[in-house]
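Here the structure is laid out as structure tokens; the discussion comes afterwards.
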Amino acid sequence: MEHIIAVIICIAGCLVTVFGYPNGKISDSCDSMLPTHGGNGPQSTVSIPYLITVSSTTFVPGDIITVTIQCKSSSDNFKGFLLEARLVGGSGITGTFTTSDSNAQILTCAGNAAVSHTNNNLKKSITASWTAPEGAGPVRFRATVLSSYSTFWTGVESDIIEALQMSNTTCGSSKFCFTDPMNCSPNDTACLFMSAVPSSNGYVFEMSGPTSGYVAVGFSDDTSMGSDDVYICTKNSSGNVLVQQGYNTVRVAPTLRNVSTTAGSIVSSYKDGILKCSFITTGSISTQQRSSNNPTYYVFLVSGTSNNDGQIQKHAKTLTSSSKVDLSSFVTSSALSKESSVVLGHGSLMLIAWMTTGSIGMIMARYMKGAAGKPFFGKAAWFQVHFFLMILTVILTIIAFIMVFAAVGDWSGGAHPVLGCIVMILSFFQPIAAFFRPDPKDKRRFIFNWGHSINAIVIKILAVAAIFLGLILVDTTSTQWLPKVMGGFFAWEVLFYIILESNMRLKTKEVYEDPENKVQIETMALIIFICGNLAFLISLLVGIGQS
């Protein structure tokens, strides 16, 4: 009996050795895509007798692509296989498969993301359908194919399948991304975006941005333009999108190289002022100072106008990475453009002007005439404080106005720059009109008083509205908390205007018997008002700094 059992075990072992996993239940191989039944390693021959064909070289989420593994020669066949869709440049399995082929079945690799054999019959081809998921970048179908237990090939691959719909979903995990604003989506109208994924002998690049001309990315050894590899996505007068590769030697238009270096599948679009393109390079990035063996670069991302032939002009917006980056590191990087830095500085000056100096100066003139101390330099203390604060407000407004228009050079931003321009003009003329005010005893003085007050109220309302719109433009958070904080500040100021106005009315009607008490109430109200304004101001300045 013992001899019989031994023989049965031996026969069973031989059968396992011969057939391995004839039913294709090989979920243990999902990650490695290698057989787990032992035996020899994969074939090392250059020529692989199998190929993968696909029904489409591009996709958008939800598209179904037919994938076929087949023999190159009619004399070849195979018994087993494992097919997956892999993100280019990474090891992530993506998408889902379905199949009606009797020789194929779905495996639960990261969901229904793999296909394997159902038997060890000889096969000439198998077919499966792959559904593209949301947010997937470029993919490549990869298979391991077995002609027998001990003979198999790995690295059987399709061409790269490009995603028509760009996404930032896999930024930092499956591709390197460089964006402004930070973590923005290429589907956002204000997002300047590029991504890179290493592929065989090159990269898969995606670029997107709001422009009427071009978007380009450059790679350099330093933060100065020159001696850079440049990849350009540009639009000509016919609306056609061209992909070019060039090299910068000095601060002039790059010298274009042979277009065969970007001969991979090119996908592009220009819609609603947003230029998008993705393409595959067939050569490595190199710069003049060193070879391509050092794969770290400063990254430039620029946009600008182009002429009718698609020839690029001087860039209008420039982003530069703060340090050298490795494109295979799959990080998400961002940098403030010079224009963005100026815009944030402009916003900060406007907040300071109209949340502190302007607001306090107006409060002094309206409510603090009896609580601002003794006269100095021949004028009442409240007047001197009011005059100084309002002049400072005008100066800050003019500086902020000039710096943003000098940097941006256009009226982009909708109603915000229009309101800002009106605020600047009215603010500029307010102190000029005050210099020519009539004497307090003049019968026409009331005209100046009413005009001065109404103009101040109009300026204040327009300034608050402009700040609201500006904060909406720079707030990159999903909750848009900066405009909400501004709303809280507006409510805070309205509350104090009501309190101070009520106090002034009571004072006029002589409700208070103690004049010292009147001064104390006004002074305490002013201190609380200033502290509250500073708290809101600091919150908004911190938020702008993080934008």
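Starting from the Cα-Cα distance between residue 173 and residue 237, subtract it from 0.36 nm times their residue separation and give me the gain in nm to one decimal.
19.3 nm
Could you pull out the chymotrypsin sites (Phe, Trp or Tyr not before Pro) across the range 416-478 that fall in loop regions by DSSP (anything but H, G, I, E, B) with no more than 15 other Cβ atoms inside 10 Å?
436
Taken together, the values in this text are just the output of simple stated rules run on the coordinates, not laboratory data. No experiment lies behind these values; they were computed from the predicted model shown. Ideal geometry is used to build each Cβ from the backbone, glycine not excepted, and the neighbour counts take in all protein chains shown.
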